[in-house]
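The values are calculated or read from the model by the stated rules, or taken from the named source; none is laboratory data. Note that the structure is a prediction, hence the values are computed from the model and not measured. Glycine gets a Cβ as well: all are built from the backbone with ideal geometry, and neighbour counts include every protein chain shown. We work out accessible area using only protein heavy atoms, side chains counted, and drop any ligands, DNA or RNA first. Shrake-Rupley method; radii C 1.70, N 1.55, O 1.52, S 1.80 Å.
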Amino acid sequence: MVPQLPPEIQLAQRLAGNEQVTRDRAVRKLRKYIVARTQRAAGGFTHDELLKVWKGLFYCMWMQDKPLLQEELGRTISQLVHAFQTTEAQHLFLQTFWQTMNREWTGIDRLRLDKFYMLMRMVLKESFKALRMRAWEERQIEQLLELLTTEILHPDSQAPNGVKSHFIEIFLEELARVGASELTADQNLKFIDPFCRIAAQTKDSLVLHNINRGIFETIVEQAPLAIEDLMNEMEDEEDEEEEEEGEMSEDDGQEQGVPPKNLFEKPPEGSRGAAPGLAEEQGEDDEDGTGAVLQFDYEAVANRLFEMASHQSTPSQNRKRLYKVIRKLQDLAEGLFPEEDIPEEAHRKLREGKKGRRAKKRSPKSQLQNKTGKGEQEDPCANLSSRVERKRRHRGPGADPAAPQEQPGGRGRRGVRKRRRQPPAGPRAKVPGCREPGGKKKRTRESKK
């Protein structure tokens, strides 16, 4: 009798099957199996079992064709992390994922790289969402950052350069999409603390360059937009306070017997029952858009970097690179923004991702005051008369600005091109000793005759 294989190996074989129907059915069964097993008191997965599961999921993604189906499968696989009931099981699932990517990375051909880049991005995003579901607890954040540092950023990790570079590139983007509206500056400093330590300790110039460009320079480039978001939030809070004060004044008027103005007004068409769906769509746009920017305390980031870079064990090359970043962060803390250093592409993408910004409308009275103020400051007639007066002084007294000025005899003004003399029209004058072209032809004809 053939011994029955463990369920993890059976699921892994079906996940790597040739038929798409078989693979989709295996993914659904895997989710149910994870939920059922992690709900037991003595249940849970071991490290080796999850490695086998991830090997099947890796080849399930390998076999998937067509970009839209790849995106749907990547979202389904990355959301499996929420099927685990405990934080320890979730972290073990994420740890085995990054170990699988490190092991299989060198065997991926260039035609399949894009879908695995997308899978890494989605898994990182879902790991941040798991933290958000637990209200960004400090202990959970520390455990996740320690896991990511050990498996990817640490010099002793087995992560290839491609995995490290892509992880550093997408880290702030996915963190901003998930938690830009909730995270504080102190929490964001905790998220980038592993990159500060690795940048000061690493001897790999590529890792240092990627961290410097993907983390620190990105913070500097997004500084004007982060402050703009902060100002917009403050304006929104002021608007809400004004609306609350207006509602309170209306309630006082109703108590005194004065009916409100908009009591009998009809709501605009299409507004009934459309608010919840519209709010959900706007929330999805803000979450998936590129306009989200993280808030940082630039002075605190500069102090943390200086603390790490000033150690004696820090290589001199790393110290020089970090000191340049520290100066920029100190300038930002003082209110100096290097706008010329901001790339146009990043500025344009971040601008396009911004939606739902409310601008304060000027009152007609303020517009009228601005117009009158401009009219008092600038007088076009006075400017015109002053220009004419300057020209007259330059040309001399009694000179008419409209009359053309005569040139003095002899040479003209310097820089003016002289016109060449053209020869007079008519027959050419005969010069003695020169033959005309027509005469030669006549002689040859006469000689032939």
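Centre-to-centre, using Cα atoms only, the stretch 4-41 and the stretch 117-172 are separated by 25 Å. Take the alpha-carbon centre of the stretch 60-97, take the same for the stretch 188-209, and report the distance between them in whole Å. Between the Cα centre of the stretch 60-97 and that of the stretch 188-209, the gap is 27 Å. Counting Cα-Cα pairs of the stretch 7-179 in 5 Å increments starting at 0 gives whole-percent bin shares of 1, 8, 17, 22, 22, 16, 10, 3, 0.
How large is the Kirkwood hydrodynamic radius of the stretch 59-101, in angstrom, based on all distinct alpha carbon pairs? Computed over the stretch 59-101, the radius equals 11.4 Å.
Roughly how many percent of the accessible protein surface of the stretch 7-179 is carbon and sulfur, given a 1.4 Å probe and a whole-percent answer? Ligands and nucleic acids excluded, carbon and sulfur give 49 percent. A compact globular protein would have a Cα radius of gyration near 2.2 N^0.38 Å; the ratio found for the stretch 104-216 is 1.07.
From largest accessible area down, sort Met118, Met133; use a 1.4 Å probe on the protein chains.
My answer, sorted largest first, is Met133, Met118.
In the stretch 85-158, the ratio of gyration radius to Kirkwood radius, Rg to Rh, stands at 1.00 when only Cα atoms are counted.
Using only side-chain charges placed at the Cβ, +1 for Lys and Arg and -1 for Asp and Glu, the dipole size of the stretch 7-179 relative to its Cα centre rounds to 700 debye. The peptide list 157-164, 180-187, put in order of mean Cβ contacts within 10 Å with the highest first, becomes 157-164, 180-187.
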